[in-house]
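Presented below is the structure to which this report refers.
Quick note: the coordinates plus some simple rules give every number you see, no bench work behind them. All figures in this text were calculated on a predicted structure; none of them were measured in a lab. All Cβ positions, glycine included, derive from the backbone under ideal geometry; neighbour counts span all protein chains shown.
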Amino acid sequence: MRIELATHPGEPHHPNEDFVSVALPASGNGGALVLLDGVTPPPDGDTGCAHGVPWFTARLGGALLELAGSRRDMTLAGCLAEAVSRTAGAHRDGCDLTHRRTPQATVVVARWDAERVEHLVLSDSALLVAAPDGTVTPVLDDRIDRLAALGPVTDAQRNAEGGFFTAAADPAVAARAVTGVRARAEVRALAAVTDGAGRWVEVFREGDWAACFGVLAKEGPQALIDRVREAERADPEGRAHRRGKPHDDATALYAEL
């Protein structure tokens, strides 16, 4: 088994709001991976929460990894719902969890054993699944892209019917995630990227998801992030490649099963 991961903040003076980790049981039979992309608050910093996004992603990511790794009797959606509940309970007193910008994150989680590989994707981070024949299948929650095709995406569409969904304080959001199961024999490797690393595909158009997977497999996650940073520096004002901010937190994980 080969597992590599890398993460890099978008700006050196700002905390990295991503989370990534892997759990491998002592039995050696299977494992789980979790990748989160914390949603950056508005410039005024108003989220109704005293803790901040890095605190939230660390709490949610840690709880989700523990549940996905240890509770094989629970679905991944069930694990996410419980992790959201635990995290909300940790800061319900003193924080306004009903605030639309309460700390929240995109989610990718995958879990495998000798028989099957399960996955869950919520919002715009991506999971890539490689078959033994080399075919790469992206698992995407494309609701933001579909909304963007119709016009500017607004805060009012966040965690709202007909909009898009992120993991915040309501465990019911787990039912909105893209989920699935494959036979273990159908999966050779997995990769996960936040949208900051996925810019290589979605913003800079340097290649498709299969090519992105190839970079991760051949050169590793840090090489993909380095390529994204190089493309960002070549277009600092976003004139050739429009994006919300010049640099974003970027995280990538590669797991060869």
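By the count of other C-beta atoms within 10 Å, a proxy for reagent exposure, F56, F165, F204 are ordered fewest to most as F204, F165, F56.
Residues whose amide H falls under 5 Å from that of A189, counting only those 5 or more places apart or on a different chain, are A130, L257, with hydrogens built in the peptide plane. Left without a cysteine partner by the 4.7 Å Cβ rule in the chain: C79, C212. What fraction, in whole percent, of alpha-carbon pairs in the range 35-133 exceed 25 Å separation? Everything past 25 Å amounts to 25 percent.
Sorting 153-163, 32-42, 205-215, 58-68 by average packing, meaning the other beta carbons within 10 Å per residue, from highest down gives 32-42, 58-68, 205-215, 153-163. With the simple spin-label model, which puts each label point 7 Å out from Cα in the Cβ direction, the D96 to A156 separation comes to 1.9 nm.
Give me the tail of P(r) for the range 137-225 as a percent: Cα-Cα pairs with distance above 19 Å. For the range 137-225, the share of Cα pairs beyond 19 Å comes to 53 percent.
Using a 7 Å offset from Cα along Cα-Cβ at D44, what residues in the range 87-119 end up with backbone N under 20 Å from the label point? The answer is 95-104.
Backbone phi angles across the range 178-186, fed through the Karplus curve with coefficients 6.51, -1.76 and 1.60 (θ = phi - 60°), yield HN-Hα couplings of 7, 10, x, 9, 10, 5, 4, 5, 8 Hz in residue order; Gly and Pro are listed as x.
Computed over the range 213-252, the range of Cα coordinates on each principal axis works out to 31, 16, 13 Å, biggest value leading. Placing +1 on each Lys and Arg Cβ and -1 on each Asp and Glu Cβ, with no other charges, gives the range 1-101 a dipole about its Cα centre of roughly 360 debye.
Note on the range 78-141: the alpha carbon radius of gyration divided by the globular reference 2.2 N^0.38 Å gives 1.49. Estimated from helical segments only, the mean residue ellipticity of the chain at 222 nm is -9000 deg cm²/dmol, where each DSSP H run of four or more residues counts as -39500 (n - 2.57).
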